[in-house]
Structures are given as structure tokens and as C-alpha cells.
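Presented below is the structure to which this report refers.
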Amino acid sequence: RAKLDARGSFAFFEAALDARAQSRRKIEVELRDAIQNDVLRPYYQPLIDLQSGRITGFEALVRWPHAERGMISPAEFIPVAEDTGLINPLGGLMLRRACLDAATWPDDVRVAVNLSPLQFRSGNLLSIVTDALKHSGLPPRRLELEITETLLLEKSAQVLATLHALRALGVRISMDDFGTGYSSLSYLRSFPFDKIKIDQSFVRDLGANREAQAIIRSIVSLGKGLGVIITAEGVETEAELSCLRTEGCDEGQGFLFSKARPNAEIISLLAAQRGIDSEDAALVA
Ligand code: C2E
Ligand code: MG
Ligand code: MG
Ligand code: MG
């Protein structure tokens with residue numbers, strides 16, 4: 001009786017694994033197709049200067065409009081793209097498209113693009129970035145590259161050399177999801193980042209949670225000491241925002257300001273901001 005149950009649950013487990021493998025395989029096939037047919041698009045989420053309230057730039061987040069399933073979340077296909085190597089063409093096309101789009105925005109607005117560790121191992125990241133800049137005409141200072149600390153876990157000399165070369169081009173390097181890894185702090189010694197993005201798990205509950213506020217406070221003071229811009233991810237409430245302001249955090253990003261939007265909406269978003277600015281100017285005058 002017990003034996004039968006054990007066999008039954010094992011079969012169930014096997015079936016579940018099988019379904020998971022099949023679903024990943026399906027995503028891989030369809031993703032390859034989507035890349036080939038140029039279906040993927042960056043959506044852009046604003047980065048807000050918390051002192052002035054102005055948009056300083058946008059983070060490009062990949063979106064996959066799927067014929068049957070609607071918009072598929074990157075959480076579902078980025079891992080598959082990384083396991084299959086598809087992250088290389090995907091990352092390349094995101095970079096090119098983001099630079100082209102950003103080149104049509106006002107000159108003081110940046111674009112941030114996420115890079116996967118695999119793109120660093122491909123060996124030609126530097127020329128891919130250089131080409132995207134040249135082809136779009138986007139000045140390097142308007143491009144930010146977001147990396148996660150898993151990249152630096154390898155402690156590879158080639159990765160560090162590529163990071164330094166990218167920075168020498170004039171692009172900014174941001175550490176994404178800060179605080180989620182095992183030893184975020186030690187990486188700040190191995191590479192001079194321009195920006196640290198505090199992971200949204202630390203922003204959650206700010207205002208209600210004293211520990212969260214203490215952590216934000218120390219990251220902000222770390223940032224000031226290092227001369228690095230501190231951005232808070234996942235800002236959802238006014239309470240979180242006011243706490244971040246109090247602590248002197250430089251930038252914020254989150255649903256409170258805006259979700260990611262297609263490029264077609266970005267110009268009007270910026271125009272609306274400029275409208276507000278000129279109203280302010282009129283009031284002052
Ligand atoms: P990330 O780089 O940390 O991007 C921030 C994620 O947080 C985005 O999820 C964004 O939509 C979400 N977010 C923003 N504000 C809020 C908020 O107020 N509340 C909550 N709950 N979430 C918020 P998204 O677009 O689903 O992307 C997930 C992850 O997928 C990204 O995390 C990034 O690691 C990866 N990703 C997205 N696009 C690319 C890409 O082009 N290349 C690579 N390599 N990875 C990408
Ligand atoms: Mg990011
Ligand atoms: Mg992040
Ligand atoms: Mg994240």
C-alpha cells in the first residue's frame with residue numbers, strides 16, 4: 001500500500017518535470033522564432049530624480065507580444081534565453097533598438113539596458129555596444145548598462161577588462177538588484193560602478209518597517225561615500241517615496257511613477273513633463 005503510494009507520487013513528480021521541460025522547450029522554439037521575426041520590443045520605465053521629480057532616463061525592459069498568450073513576462077523567458085544562448089541575439093537587438101529609440105529623445109534623457117553575464121562571455125560585447133552607439137548616433141554618456149553581481153562572481157579578468165573598456169567609451173555601469181546576492185559589498189571594490197540600484201525587496205514595506213529604512217540609509221551613505229548614484233527599484237507607494245526622499249536617495253523607479261511603456265508613448269510623456277516645466281517657469285515669471 002505504502003509502496004504503491006510512493007510509486008504513484010514518483011510518477012506524478014516525473015510527469016511534472018516532463019511538463020516543465022516541455023514548456024521550456026516550447027518557449028525556446030517560439031522565442032527563437034520571435035527573435036528571427038523581430039517581434040520583441042523594449043518597453044521603457046522612467047527613472048525619476050527624487051529631488052526635482054524629473055525624468056532622468058528610462059530602463060529598457062524586453063516585452064514579448066505573443067499571438068496566443070498576450071504579453072509574456074521576461075521572468076518566464078529570460079532564464080530560457082540564458083540556458084539556450086538566445087540571450088545573445090536577444091540582448092543585441094535590445095541594445096540596438098534601445099539606442100535607436102533613445103536617440104530620438106531629448107538630449108538629457110538616458111537609456112538603461114540590462115546585460116546578461118553570457119553577453120560578456122561571448123567575447124564581442126564591446127564591439128556590439130560600439131556598433132549600437134555608432135549606428136544610432138547616441139552619445140555614449142546617454143547609455144547605461146545594468147549588470148547583476150552574478151557577473152562578478154566569476155572574478156574573471158576578461159569580464160573586468162570589458163567593463164573597464166565599456167566605461168572608457170563613456171557609458172555608465174550600474175549594479176542592478178543590489179543586496180540580493182551573497183557579497184554585493186565586495187564587488188564595489190573590484191569595479192568602479194557609476195550607479196547602484198537597490199533591489200525592490202528592500203524598498204517594500206519602507207515607512208512601516210524600521211529595519212528596511214536602516215538598510216536604505218546605510219546604502220545611501222555608502223553611495224555618497226563612493227560618489228555613486230543610488231536608485232531605488234520598485235517604488236509603489238507615497239510612503240516609500242517620502243521615506244526614500246528623507247534618506248537622500250537620488251533616484252526612484254516603480255509603478256508609483258509609471259510602468260514600462262512602449263516607445264510611442266515616451267515622447268508624449270516627456271512632452272507632458274516639459275509642459276509642466278514651462279508652466280512652472282510661467283508661474284515663476
Ligand atoms: P530588473 O532589471 O531588475 O527590472 C526591474 C523589474 O521590476 C521589471 O520587471 C519591472 O517591470 C519591475 N518593476 C518596476 N517597478 C516595479 C514596481 O513598482 N513593483 C514591482 N513589483 N515591480 C516593478 P520585468 O520587466 O518583468 O523584468 C524582469 C527582469 O527581467 C529584469 O529585472 C531583468 O533582470 C530581466 N530583463 C528584462 N529585460 C531584459 C533584457 O533586455 N535583457 C536582460 N538580460 N534581462 C532583462
Ligand atoms: Mg535592470
Ligand atoms: Mg533590478
Ligand atoms: Mg530585479
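Worth pointing out:
- Computed helical MRE - 222 nm, the chain, DSSP H runs ≥ 4 contributing -39500 (n - 2.57), nearest 500: -17500 deg cm²/dmol
- Unit charges on C-beta of K, R, D, E only; dipole of the chain, Debye: 660 debye
- Inter-probe distance in nm under a simple model that places probes 7 Å from Cα toward Cβ, at Asp108 and Thr180: 3.2 nm
- Under Karplus coefficients 6.51, -1.76 and 1.60, residue-wise ³J(HN,Hα) of the stretch 164-169 in Hz, glycine/proline x: 5, 5, 5, 5, 5, 5
- Taking all Cα pairs closer than 8 Å and separated by 6 or more residues, the relative contact order of the stretch 21-147 comes to 23 percent.
- Estimated FRET transfer efficiency when R0 is 41 angstrom, pair Arg189-Phe255 (beta carbons, to 0.05): 0.75
- Residues of type aspartates and glutamates that Lys195 reaches as a straight line, Cα spacing below 16 Å, ignoring anything fewer than 8 places off in the same chain: Asp49, Glu59, Glu144, Glu146, Glu149, Asp176, Asp177, Glu233, Asp250, Glu251
- Lys/Arg +1, Asp/Glu -1 at C-beta; the stretch 138-285 dipole; positive extreme among Ala168, Phe202, Ser221: Ala168
- Cα-centred dipole magnitude for the stretch 67-225, charges only on beta-carbon of K, R (+1) and D, E (-1), debye, nearest 20: 540 debye
- Based on Cα contacts under 8 Å between residues 6+ apart, the stretch 125-242 shows a relative contact order of 22 percent.
- With the simple model of a label 7 Å out from the Cα in the direction of the Cβ, Phe13 to Ala168 spans 5.3 nm.
- Residue of Leu93, Leu61, Leu153 that the Gaussian network model of the chain assigns the largest fluctuation, springs spanning Cα pairs under 10 Å: Leu153
- Kirkwood radius and radius of gyration were both taken over the C-alpha atoms of the stretch 1-144, and their ratio Rg/Rh is 1.15.
- Dipole of the chain [Lys/Arg +1, Asp/Glu -1 at C-beta], most positive-end residue of Ala11, Leu118, Val62: Ala11
- In the chain, Cα pairs under 8 Å separated by at least six residues give a relative contact order of 17 percent.
- Stretch gain in nm, segment Arg210-Glu76, where the contour uses 0.36 nm per residue and the Cα spacing is subtracted: 44.9 nm
- Note on the stretch 1-108: antiparallel DSSP beta bridges, both residues inside, total approximately 100 percent of the bridges counted.
- Where the chain is the region considered: accessible area per residue in Å², 1.4 Å probe: 51 Å²
- Rounded tilt (10° steps) of 125-136 against the dominant C-alpha axis of the chain: 50 degrees
- Bridge orientation summary for the chain: considering DSSP beta bridges with both residues in this region, about 40 percent are antiparallel.
- Accessible surface of the chain [probe 1.4 Å, protein heavy atoms]: carbon and sulfur percent: 56 percent
The values are calculated or read from the model by the stated rules, or taken from the named source; none is laboratory data. Nothing here was measured: the structure is a model prediction, and the numbers come from that model. Note that each Cβ is placed from the backbone with ideal geometry, even for glycine, and that neighbours are counted across all protein chains shown. Heavy atoms of the whole protein, side chains included, go into the accessibility calculation; ligands, DNA and RNA do not. Shrake-Rupley method; radii C 1.70, N 1.55, O 1.52, S 1.80 Å.
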